[in-house]
Every structure is written in C-alpha cells, then in structure tokens.
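Visitor: Have a look at the structure that comes next, please.
The values are calculated or read from the model by the stated rules, or taken from the named source; none is laboratory data. Predicted, not measured: the structure shown is a model, and the values here were computed from it. Virtual Cβ from ideal backbone geometry, glycine too; neighbours counted across all protein chains shown. Please note that ligands, DNA and RNA were not included when accessible areas were found on the heavy atoms of the full protein model with its side chains. Shrake-Rupley method; radii C 1.70, N 1.55, O 1.52, S 1.80 Å.
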Amino acid sequence: MPTYIVLMHWTDQGVKAAADSVNRYRQAKAMFEPAGAVFKGIWWTTGRYDIVTVVEAPDEETISVSLLQLAGAGNIRTESFRAFTEDEAEQLFSHLR
C-alpha cells in the first residue's frame with residue numbers, strides 16, 4: 001500500500017486546544033481506518049512542523065479525502081507527499097536504465 005508522509009501545522013484553534021491533541025489523533029485514526037488509511041506512526045515535533053505522521057492509504061484519492069476531512073475540523077493544516085520504500089524506489093528507478 002502506498003505510504004505518505006504528512007506534515008501538520010496547528011491552526012490558532014489547534015494551538016488553543018493542544019491539550020486535546022492526542023485524543024484528536026485517536027479520533028482521526030478511527031476516522032481513517034474505514035476508508036482503508038492506516039497511521040503507521042505519529043510524532044509531535046518542535047520546529048517548523050507541529051506533528052509528523054506516516055500514513056498508508058490505498059490511493060491518492062483516499063489520502064486526499066481523509067486529510068481534507070481532518071483539516072476541515074479546523075485544528076490543523078496538512079502538507080503530504082508520497083514516500084517510496086527501498087523496493088519501490090528500485091522498481092521506479094529501473095525504468096531509467
């Protein structure tokens with residue numbers, strides 16, 4: 001299943017409710033699973049991003065809809081990109097030969 005790195009920024013609303021962040025993650029996890037998206041890891045971070053996650057989803061549409069629903073609650077804004085495993089990268093780069 002494709003893997004996505006998701007970088008998150010808290011909105012002003014999200015910062016005000018930071019104490020609820022772990023519970024919001026658990027709710028998001030429950031919301032993603034019926035769509036086939038699975039959180040593989042989450043980290044609350046310092047610096048440029050507030051939260052970094054690794055999510056597996058069956059396709060771009062699933063991850064996009066899931067992240068839009070999550071951001072729609074108003075607590076975060078997301079930036080995501082596709083990540084490739086070593087085997088996937090080897091397959092991808094084999095087309096360059």
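Visitor: Keeping all protein chains in place, calculate the accessible area per residue for segment 1-66 (probe 1.4 angstrom), answer in Å².
Guide: 57 Å²
Visitor: What list of ³J(HN,Hα) couplings, whole Hz, do you get for segment 71-87 from phi and the Karplus terms 6.51, -1.76, 1.60, once you set θ to phi - 60° and write x for glycine and proline?
Guide: 5, x, 6, x, 8, 9, 10, 10, 9, 10, 8, 6, 10, 10, 6, 4, 5
Visitor: Another question about this same structure. In the chain, carbon and sulfur make up what percent of the accessible area (probe 1.4 Å)?
Guide: Looking at the chain in its full context, I get 54 percent from C and S.
Visitor: Turning to a different aspect of this structure: Pairs of Cα atoms under 8 Å, at least six residues apart: use those to get the relative contact order of the chain, whole percent. Could you put the intermediate results ahead of the total?
Guide: On the way: 129 pairs, mean separation 43.1, N = 97.
Answer for the chain is 44 percent.
Visitor: Over all alpha-carbon pairs of segment 3-97, lay out the pair-distance distribution in 10 Å bins, whole %, shortest bin first.
Guide: 15, 47, 25, 9, 3, 0
Visitor: Next up: For a quick check: with amide H placed at 1.01 Å from N, whose amide H comes under 5 Å from ALA83's, ignoring anything fewer than 5 positions away on the same chain?
Guide: Here the answer is THR3, TYR4, ILE5, since their amide H atoms fall under 5 Å of that of ALA83.
Visitor: Give me the net charge of LEU96's neighbourhood, meaning all other residues with Cβ under 15 Å from the Cβ of LEU96; Lys, Arg count +1, Asp, Glu -1.
Guide: Here the count lands on -1.
Visitor: Hey, another quick one. Sort 39-50, 22-33, 60-71 for me by packing, meaning the mean count of neighbouring Cβ atoms within 10 Å per residue, highest on top.
Guide: 60-71, 22-33, 39-50
Visitor: Between ARG82 and THR46, what is 0.36 nm times their sequence separation minus the Cα-Cα distance? Round to one decimal in nm.
Guide: 10.7 nm
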